[in-house]
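So the structure is just underneath, and the comments pick up after that.
The values are calculated or read from the model by the stated rules, or taken from the named source; none is laboratory data. Note that this is a predicted model, so its numbers are computed, not measured. Don't worry about glycine lacking a Cβ; one is built from the backbone with ideal geometry, like all the others, and counts go over all protein chains shown. We work out accessible area using only protein heavy atoms, side chains counted, and drop any ligands, DNA or RNA first. Shrake-Rupley method; radii C 1.70, N 1.55, O 1.52, S 1.80 Å.
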Amino acid sequence: MKHLPNAVKIAEALKPLGTGQLPQEIMSLSEDGNLIGIVVEVEGVDFILTMQEVPHQRKRPTVQ
C-alpha cells in the first residue's frame, strides 16, 4: 500500500474525535492497494473513509 503513510496521518489526525475505546483501522480495499479504507470512531459511531489517489491532479496555484 503505497498510500499507507498518508492514511496513518489521516487516522492520527482524526483520533481526537473518538472516545479512545477502539483504535483506528487501516485496510486495503483493492488487490493493488490503491484503494484504502480508514475506519475511525467519531462520538461513539464507526465510520469508514475511503482514500484513493485522484488520477488527474488539480492544478496548483503558482508561487511567486
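Protection proxy ranking of 49-59, 16-26, 32-42, 1-11, by the mean of other Cβ atoms within 10 Å over each peptide's residues and highest first, is 32-42, 1-11, 16-26, 49-59.
Carbon and sulfur: what percent of the chain's accessible surface (1.4 Å probe)?
Exposed carbon and sulfur together represent 56 percent of the surface.
At 37 °C and 0.692 mPa s, what whole-number value in µm²/s does Stokes-Einstein give for the translational diffusion of the chain, with Rh from the Kirkwood sum over Cα pairs? All intermediate terms of the calculation are to be shown ahead of the outcome.
Numbers: Rh = 13.1 Å.
Once the numbers are plugged in, D ends up at 251 µm²/s.
With protein chains left intact and a 1.4 Å probe, residues in the chain average 83 Å² of accessible area per residue. What number comes out for the charge environment of residue 39, summing +1 per Lys or Arg and -1 per Asp or Glu over other residues with Cβ under 9 Å away? Taking every other residue near residue 39 into account, the sum is -3. Using the Cβ-Cβ distance between residue 54 and residue 9 with R0 set to 22 Å, the FRET efficiency works out to roughly 0.80.
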